Amino acid sequence: MTATDNARDMLRIAAEAADSKGGEDLVALDVSGPLPLVDIFLLVTGRSERNVAAIADEIEDRLLEAGHKRLRREGRQESRWVLLDFGDLVVHVFHEQERMFYGLERLWKDCPVVPVEAPSRSVAD
């Protein structure tokens with residue numbers, strides 16, 4: 001199986017939102033093969049708890065504005081690892097230390113990477 005067009009559209013929205021709040025090291029994994037209820041995991045890194053919260057909030061707001069329903073949110077209070085479950089797309093926003101410690105990329109290494117199309121921030125503004 002491969003990720004649906006809906007999941008890819010959600011990924012684009014989430015990636016743009018993460019990028020707009022300084023999210024780093026965005027990696028999307030097509031987990032539709034081993035997980036029948038989810039198509040894509042998006043992994044994002046924030047530099048601090050405040051940054052993780054801002055990234056997660058922006059992603060959630062933009063996906064809700066686009067008409068997607070959030071099924072679950074976890075970890076917002078601590079903002080070290082925030083999980084946003086939108087059905088076809090599950091977003092993991094990590095503090096950089098948690099991202100390294102839990103290593104979801106290693107756990108899902110057999111899953112194909114989905115290209116992330118987020119605008120890159122200009123350094124020379």
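The values are calculated or read from the model by the stated rules, or taken from the named source; none is laboratory data. Note that this is a predicted model, so its numbers are computed, not measured. Please note: Cβ atoms are built from the backbone with ideal geometry, for glycine as well, and neighbour counts cover all protein chains shown. What goes into the accessible areas is simple: the full protein's heavy atoms, side chains included, and nothing from ligands, DNA or RNA. Shrake-Rupley method; radii C 1.70, N 1.55, O 1.52, S 1.80 Å.
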4 °C / 1.567 mPa s Stokes-Einstein diffusion coefficient of the chain, Kirkwood radius on C-alpha pairs, µm²/s: 91 µm²/s
Per-residue ³J(HN,Hα) for segment 25-37, Karplus 6.51 cos²θ - 1.76 cosθ + 1.60, θ = phi - 60°, Hz, x for Gly and Pro: 6, 6, 9, 10, 10, 7, 9, 5, x, x, 10, x, 9
Percent accessible area from carbon and sulfur atoms, the chain, protein chains only, probe 1.4 Å: 50 percent
Sequence ranges 74-87, 37-50, ranked by mean other-Cβ count within 10 angstrom, highest first: 37-50, 74-87
Relative contact order [Cα under 8 Å, 6+ residues apart], the chain, whole percent: 30 percent
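According to the square roots a ≥ b ≥ c of the eigenvalues of the Cα gyration tensor, what is the shape class of segment 1-55, taking rounded for a/c under 1.5, prolate for a/b larger than b/c otherwise, and oblate for the remainder?
Working: a/c = 3.09, a/b = 2.07, b/c = 1.49.
Prolate is the answer for segment 1-55, as a/c is 1.5 or above and a/b outweighs b/c.
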Phi to ³J(HN,Hα) by Karplus 6.51 cos²θ - 1.76 cosθ + 1.60 over segment 60-75, Hz, x for Gly, Pro: 4, 4, 5, 5, 5, 4, 7, x, 8, 9, 7, 8, 7, 9, 9, x
